[in-house]
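Colleague: Input: one structure, supplied below.
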Amino acid sequence: MTVTQALLGPLLNASAKPLITYYDDATGARIELSRATAANWAAKTANWLVDEHDLEPGTRVSVALPAHWQTVGVLLGSWWCGAHVVDDPQGAEVAFVPADRPAAPGAFTTAVVGLDALGAPVRDLPADAVDYVSDIRVHGDEFHPLAPVSGTDPALLDGSVDEVVQRARTRAQELELTAADRVLSTADWDLPRGAVDGLLAVLAAGAHLVQCANPDPAQLPARREAEKITRELGA
């Protein structure tokens, strides 16, 4: 079983409530991503990695993206097909990078993630890069692994699939998160700890994540009230 199957799979059968509500106070964007839509993005990503890049369990994929609703699809899709997610593009089969830093030296393929509020494609890409959003759109909304993923396969830097899942569940308990919680977070998802604390622990608890980018302190009190926040993560 993969990290994605272990942590996202149970949520798809539990209810239709949103997985993440994403705010960007710099642009005023607010995006709500349902559990089913997150699974679709992850499936498209996994299918793209397998179909276009012949990705097999244990293959290195680097992710250098901020906490964002599109990053959810990148991470969960990569784990779903058994990728070893790392933070160094050197030797990676695919490197996911933001549009404002479209370089990934040493990676075989550079996938530029636009991080647009509505998922718009990236224009004027470097010749050696591909647009992540445009490329994955033609791939299926369901993913059926061709190769089984073992719990001992590497998943995140120095952690195996089983270890990463256990870390997420342990952190959820340590943070006292439950399925009833609505978690306001300004934390980044740096690898490995940030991704576990800021995303995977919330998934493990079955909680609703309200992720704020470029947070404006003046807006946070009203947001806590509007979103009925019960827990907070971040600096």
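Colleague: May I ask you to list, by number, the DSSP H helices of the chain whose Cα span along the axis is at least 30 Å and whose average Kyte-Doolittle hydropathy reaches 1.6 or more?
Modeller: none
Colleague: For the chain, what is the calculated [θ] at 222 nm in deg cm²/dmol (nearest 500), taking -39500 (n - 2.57) for each run of four or more DSSP H residues and dividing by its residue count?
Modeller: -9000 deg cm²/dmol
Colleague: Treating the beta-carbon of each Lys and Arg as +1 and of each Asp and Glu as -1, no other charges, what is the dipole magnitude of the chain about its Cα centre, to the nearest 20 debye?
Modeller: Values: 17 positive and 32 negative charges, 153 e Å.
Result for the chain is approximately 740 debye, rounded to the nearest 20.
Colleague: Relative contact order for the chain: what percent, with Cα pairs under 8 Å and sequence separation of 6 or more?
Modeller: After rounding, I find 22 percent.
Colleague: What order do you get for Y132, Y23 when you list them from fewest to most C-beta neighbours inside 10 Å?
Modeller: Result, fewest neighbours first: Y23, Y132.
Colleague: From the C-alpha coordinates alone, can you work out the Kirkwood hydrodynamic radius of the chain, in Å? Walk me through the numbers before you get to the answer.
Modeller: Details: mean 1/r = 0.0567 Å⁻¹.
Across the chain, the inverse of the average 1/r is 17.6 Å.
Each reported figure results from applying straightforward, stated rules to the coordinates on display, with no laboratory input. Just so we're clear, the structure is a prediction, and the values are computed from it rather than from any experiment. Methodologically, a virtual Cβ is constructed for each residue, glycine included, from the backbone with ideal geometry; neighbour enumeration extends over all protein chains shown.
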